[in-house]
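These notes are about the structure you will find just below.
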Amino acid sequence: MRRVAAMLALAGLSGLAPALAATNAGRAHVPGGSFETVLPPAAGVKTATVQAFDMDRTPVTNGAYARFLVSHPEWRRDRVARVFADAGYLQHWRDAASPGESLARQPVTHVSWFAAKAYCETQGARLPTWYEWERVSAASATRADARDDPAWRQSILDWYARPASEPLPDAGLTSPNYFGVRDVHGVVWEWVLDLGSMMVSADNREQGDPDLQKFCGSGALSLEQKENYAMLMRIATLSSMQASFTSSTMGFRCVAGGGAAP
Amino acid sequence: MRQWLVSGLAALLVACGQQTGSSTTPAAVAETGGSLRGDFGPPQGEPVKAVLTSPPLVPPPTGRHAPAKVIVELEVHEVEREIAEGVKYTFWTFGGTVPGSFIRVRQGDTVEFHLKNRPDSKMPHNIDLHGVTGPGGGAASSFTAPGHQSQFTFKALNQGIYVYHCATAPVGMHVANGMYGLILVEPPEGLSPVDHEYYVMQGDFYTVGKYREKGVQAFDMQKAIDERPTYVLFNGAESSLTGPNALKAKTGERIRLFVGNGGPNLVSSFHVIGEIFDKVQPEGGTHPQENVQTTLIPAGGAAIVEFHTEVPGNYIMVDHSIFRAFNKGALAILEVAGEPRPDIYSGKQADESYLSDKVGSLAAVSTAAEAKAAGKLTQDQQVQAGAALFKGTCSVCHQDQGQGIPNVFPPLAGSDLLKKTPQRAVEIALNGLTGPITVNGVTYNSVMPPMSQLNDDEIANILTYVLNSWGNAGGAISKEDVQKVRATTKRPEGAAH
């Protein structure tokens, strides 16, 4: 009984936390607008529109995630329900409650989509939608949409070419992009809110097959901009992950505002 | 009884068919019946774990005579290693090697396939085996996130040698990074015994840096789209089948190569220098071709080639689209040890000058040489010897009458240069000439190689002939003149005409 009370107290505290955490992490304001997407929202429609939102400037770190576990111990690796996170969940941490000093400032990985979603919700925020993430990811340091810049594209591909066995860098070391957001490329993959609706065919060579539209939903029409390999690989990776999956390179960040309901 | 009748009838029909066939085509070949006749029923006995081998090795024959359930466990591994000396590249691999592990099953086997993607992988991967009957060849069923594994099962209905590869987006990039290999589906009776089986697979690679540019090299998407490879390699690295890694055999052995081509772009003109393939199963098909020099292997295709070794030595395997072999790395070596076989191949038996049919009698040359040795050489003898040598050596460029070729090769007839500085001609003949030279007011800019094949006697005689022909001013060059120039000037080492 006492323990329940303590948990309630903690929960109450965490209710206060969002404003604080948001300030600490810092979010960048991303204006609303339309842009050409690699995942057309409907047949014949090439652009996606997003409302203005605020996005974490850096991915969530192991340290921040450990603080979340204090208030939400049900997400500790020794307590989490297996349906919400696979066996790899936080396995790289020193123990169930803390990552260890060397990992504290690195982006958190080995987290499932369910866990990432829960974290953002405790911050009064949510995971970004694919289109929100895509809008931010299209930016270079100087342009809101740099996807036609071959040098910028190659720099993204260069990250893909490096093996994932190297340790991750600390979060926030890359230079901010046009929107003031860091680490969008070159550090980790990131979960998006609408993971389930953006499935592409597991055999993506079928992308020209019109039959697929029948069962893959609106987000799964054939990919536009086939030369945009950097985006294709991001989508391929996301579509290989189920919501309980974790991997050494999949992290996340949160957004607030915008059109999507938390 | 009825059965006997039917089979008897069938035999008769077959016999007739063969007879008719033989009248038009000399060798009618029995058809295998393809997948329609490739199902030998449910698997029998305990499941078997497939032996996987890294290239260039091939697993032993299955030795089975009944369909089995075969378990294949293949691990995807993203790994950085050398593509050429001092050049690192991140390969994505099936089983840690490029090409991936060799898989060997028997026609009719039921294959339970486990694809494991290591936790330290960055990418999701899958596998499309060309030996699978079913949509995607297994691709959708094997799509696997990092740190996960997938399972699917197929029955190997068609015999042959098949490529497998990753089919995850972007497919071209996964293949270009080395995600391909071979699966052999043995015919039910197995393959004929040989002394060595080897696994060789070609692939083209695209790096940001130039060929052999040192350091860590990233994948270059634009070069891949343009199909302009930096490297074309056998077994994923420049040295994977050369030097200490060369394939080994002895004379008098039968060799079978399973040769695949992963691409992603190029088609291979596979050739072994100094061998003739006794037997090729082109495109990995069932019916062999015999006595083949070069076999074409499409990207995403394979062939089985067989030959018998007779003569010892190094046999170089190339993509005979030959710049790939010598400028992009498509080169492998088979070392064959054994006793020489001069009855089949002699080695070099002679190296003599060849002066073509322009040469008349070279008797004058030897007459002059003898006279010189005896100290009795006349200018007339020099001119006659020089005339014979000129035809074989100089007339190709300077022409029969010393007129040269306008703007390309300067004339010797009426040459002001010869008249003013005959010694210069000795230098040029001995050492060659590259760069501009002005003769009779015209500047020429060609290359004349040093005449290293001529001795001092011969150069002296040729030049004496030139000085006394076509209205030139006369005079003589002696052997001693040539010796003096040879002793005091430099010439490119080892240069020959």
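The values are calculated or read from the model by the stated rules, or taken from the named source; none is laboratory data. Note that the coordinates shown come from a computational prediction; the quantities given were computed from them, not determined experimentally. Reconstructed Cβ throughout: ideal geometry from the backbone, glycine too, with neighbour counts over all protein chains shown. When the accessible area is computed, the model is the full protein with side chains, heavy atoms only, and any ligands, DNA or RNA have been set aside. Shrake-Rupley method; radii C 1.70, N 1.55, O 1.52, S 1.80 Å.
Each residue, A:VAL83 and A:SER34, gets one label point 7 Å from its Cα in the Cβ direction; the gap between the two is 4.2 nm.
Its Cα gyration tensor gives chain B an equivalent ellipsoid; the semi-axes, largest first and in whole Å, are 65, 30, 19. Looking at chain B alone, DSSP beta bridges between its own residues are antiparallel in about 70 percent of cases. Placing +1 on each Lys and Arg Cβ and -1 on each Asp and Glu Cβ, with no other charges, gives segment B:332-456 a dipole about its Cα centre of roughly 520 debye.
FRET efficiency for the pair B:GLU82 and B:ALA473, taken as 1/(1 + (r/R0)^6) with r the Cβ-Cβ distance and R0 = 60 Å, rounds to 0.40. Here is the interface size for A with B: some 2500 Å² of accessible area buried, both sides summed, with a 1.4 Å probe.
In the structure shown, the pairs B:LYS376/B:LYS419; B:LYS116/B:LYS248; B:LYS420/B:LYS479; B:LYS49/B:LYS116; B:LYS210/B:LYS490; B:LYS116/B:LYS223 are assessed against 24 Å; a Cα-Cα span above that value is assigned to B:LYS376/B:LYS419; B:LYS116/B:LYS248; B:LYS210/B:LYS490; B:LYS116/B:LYS223. Computed from the C-alpha gyration tensor, the three semi-axes of the ellipsoid equivalent to the protein assembly as shown are 68, 41, 22 Å, from longest to shortest. Partner shielding of A:156-168 amounts to 6, given as the average count of beta-carbon atoms from other chains within 10 Å of each residue beta-carbon. Candidates B:ALA369, B:ILE276, B:ILE304 compared by Cα position along the dipole of the protein assembly as shown: farthest toward the positive end lies B:ILE304, with charges placed on Cβ.
Taking only protein heavy atoms and a 1.4 Å probe, what accessible area per residue, in Å², does the protein assembly as shown have with all protein chains in place?
46
Taking the longest Cα principal axis of chain B as reference, the axis of helix B:456-467 is set at about 60 degrees. Surface calculation, 1.4 Å probe, protein heavy atoms: B:TYR198 sits at approximately 20 Å² accessible.
With the cut-off at under 18 Å, measuring from each backbone N in segment A:233-262 to a point 7 Å along the Cα-to-Cβ line of A:ASP145 picks out no residue.
In the complete set of protein chains, residue-level accessible area for B:ARG81 is approximately 90 Å², probe 1.4 angstrom.
Averaging over all projection directions, the Cα-based convex hull of segment B:373-476 occupies 6.1 nm² in the image plane.
The relative contact order of segment B:22-107 comes to 31 percent, based on Cα pairs under 8 Å that sit 6 or more residues apart. Full extension of the chain between B:ALA30 and B:GLN483 yields a length gain of 155.6 nm, computed as 0.36 nm times the residue separation minus the alpha carbon distance.
Inter-chain Cβ neighbour count for A:230-237, averaged per residue, equals 4 (cutoff 10 Å, partner chain atoms only). What the Cβ-Cβ distance of B:ILE71 and A:ARG162 gives, at R0 = 41 Å and to the nearest 0.05, is a FRET efficiency of 0.80. Per residue of peptide B:180-190, the mean number of Cβ atoms on other chains within 10 Å of the residue Cβ is 0. For chain B, the relative contact order works out to 9 percent when only alpha carbon pairs closer than 8 Å and six or more residues apart are counted.
Counting only Cα atoms, the size of segment B:139-211 along its three principal axes is 46, 35, 20 Å, in decreasing order. How far apart, in nm, are two points set 7 Å out from the Cα along the Cα-to-Cβ line at B:THR438 and at A:GLU74? Output for this residue pair reads 9.8 nm. Spin-label pair B:GLN379-A:VAL45: with each label point 7 Å from Cα along the Cα-Cβ axis, the two points sit 10.2 nm from one another.
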